[in-house]
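Reading through the structure tokens given below for one structure.
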Amino acid sequence: MWSNLLDYNALFQQQVERLHNENRYRYFVELERKTGAHPHAVWHAEGGPRDVIIWCSNDYLGMGQHENSITAMAAAVQQQGTGAGGTRNISGTSHAIAELEAELASLHEKERALVFTSGYVANEASISALTAMLDNPVLLSDSMNHASIISGIRHGRGEKAIFRHNDLDHLEKLLQELPEERHKIIIFESVYSMDGDISPIGEIAALARKYNALTYLDEVHAVGMYGEEGGGVAQRDGVADQIDVIQGTLGKAFGTMGGYIAATDAIVDSIRGYGSGFIFTTAMPPALACGALASVRYLRQSSEERAAQQRQAARLKQRLADWNLPAMPSVTHIVPVMVGDAAKCSEISWTLLQDHGLYIQPINYPTVPKGTERLRITPGPCHDDAMIDHLVASLAEVFDKVRPPSYVPRSGNKATG
């Protein structure tokens, strides 16, 4: 009786094979981080555990292993247990979350902040809720915005207009075509994580004021690392007060997990009441909130980690140039190295891991456009000079072997100095 039924499993397997054929299949490297040893980790390989150095972590400053965060989280687990006990509305609003939200609001000099379970959820829930509350809004989105922003726009079902990446003239042209009284939100990021470039925040904010639009700024790759207190690029540039909604994450520079927005009391309270991704999700556990709070407070008063990160990023960029390796221009801590071919990008990544003990995940389509496949390197304060020299020498050796389209070997190809 089952012979005429569809073989659903075979259909799904065909989709998996398609990913393999297009070099889009995602291989997960099983890692075990060791407290106090970042960026070293144990790779649980088929042949047994091996020590590796992670070069693509979003724990940008190593705060995931900082004693302040560990002590705070461990103490909170002992005092309050492991879970939140429910949604924010049903017993899940802990004192720890309330303290964390107050600290984040203060960090960004906003009236209020709201914590979500991830940065992705923060974007998806906030953008879709804002869209639903406005009257026939248009959402003007940078062409390189993150998938979570795209998902929030899609879920909100409002009209969207895409402006070319960081193109102020194109953005203004789109704004000029809209009635002044029509509701509008300009959505963009401060640091774009695949290219390592920065948006003209002040100029975009000025256009928003000129054309009566709200601004929504994603600072997930900037909070903790830029600004006098780690408030992001908007804080560094002195324009945070010109942004209506700042969105950030606790899972990158702050070394824990979760996302948040900071805005006026009215905006935050309305998202709290209409954002289904917030309302119907179990709250962040108190211990996690305590760990995040300790990290935020520490980075507000310490610039040592930020300075070391910038110093090591600059050193890596220089050493890549010395070895004639195809590093893309970047003004941030993100150092992309162009490969330009999906299969070769995966091959380079695997060879670095297998032969050199260096873990850099390949970045292929659809994360980046086809033909722009790359390695995304994120040096931090815990990567010392010797690690950088070893990385660059290993990259040169593997690039010489694999010969990706982006690479023009230099005769002798040895580091200078």
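The values are calculated or read from the model by the stated rules, or taken from the named source; none is laboratory data. Computed from a predicted structure; not experimentally measured. As a convention, Cβ positions derive from the backbone with ideal geometry for all residues, glycine included, and neighbour counts pool all protein chains shown. Protein only, heavy atoms only, side chains kept; ligands, DNA and RNA dropped before computing areas. Shrake-Rupley method; radii C 1.70, N 1.55, O 1.52, S 1.80 Å.
Taking all protein chains as they are arranged and a probe of 1.4 Å, the heavy atoms of MET257 leave approximately 110 Å² accessible to solvent. At an R0 of 45 angstrom, the distance between the Cβ atoms of HIS44 and ARG164 translates into a FRET efficiency of 0.55. The heavy atoms of CYS290 offer some 30 square angstrom of accessible surface to a 1.4 angstrom probe.
Excluding ligands, DNA and RNA, what is the solvent-accessible area per residue of the stretch 77-227 at a probe of 1.4 Å, expressed in Å²?
Ligands and nucleic acids excluded, the figure is 42 Å² per residue.
Within straight cross-link reach of LYS344, meaning Cα distance under 16 Å, which lysines are found once same-chain residues fewer than 8 apart are removed? Once the sequence-local lysines are set aside, what remains near LYS344 is LYS370, LYS401. Reported to the nearest whole Å, the Cα centre-to-centre distance from the stretch 123-137 to the stretch 238-263 is 18.
A crude spin-label estimate for the pair GLU228 and ASN9, with each label 7 Å from Cα along the Cβ direction, gives 6.3 nm. Packing here is the average count of other Cβ atoms within 10 Å per residue, and on that basis the peptides 24-34, 92-102, 241-251, highest first, run 241-251, 92-102, 24-34. The fraction of accessible area contributed by carbon and sulfur in the chain is 51 percent, rounded to a whole number (1.4 Å probe; ligands and nucleic acids excluded).
The residues of the stretch 1-70 have, on average, 72 Å² of accessible surface per residue, using a 1.4 Å probe with all protein chains present.
Listed by chain and number, the lysines whose alpha-carbon sits under 23 Å from that of LYS184, ignoring those within fewer than 8 places in the same chain, are LYS110, LYS160, LYS173, LYS210.
When the square roots of the Cα gyration tensor eigenvalues are ordered a ≥ b ≥ c, the ratio a/c for the stretch 34-174 is 1.5 or more and a/b does not exceed b/c, which makes its shape oblate. Rounded, prolate or oblate for the stretch 1-116? Axes are the square roots of the Cα gyration tensor eigenvalues, ordered a ≥ b ≥ c, and the cut-off for rounded is a/c under 1.5. Taking the square roots of the gyration eigenvalues as a ≥ b ≥ c, the stretch 1-116 is oblate. Give me the angle, in degrees from 0 to 90, between the Cα long axis of helix 265-274 and the longest principal axis of the Cα atoms of the chain, rounded to the nearest 10. Compared with the principal axis, the helix lies near 80 degrees.
Backbone phi angles across the stretch 123-140, fed through the Karplus curve with coefficients 6.51, -1.76 and 1.60 (θ = phi - 60°), yield HN-Hα couplings of 5, 4, 5, 5, 5, 5, 5, 4, 4, 5, 8, 8, 8, 6, x, 10, 9, 9 Hz in residue order; Gly and Pro are listed as x.
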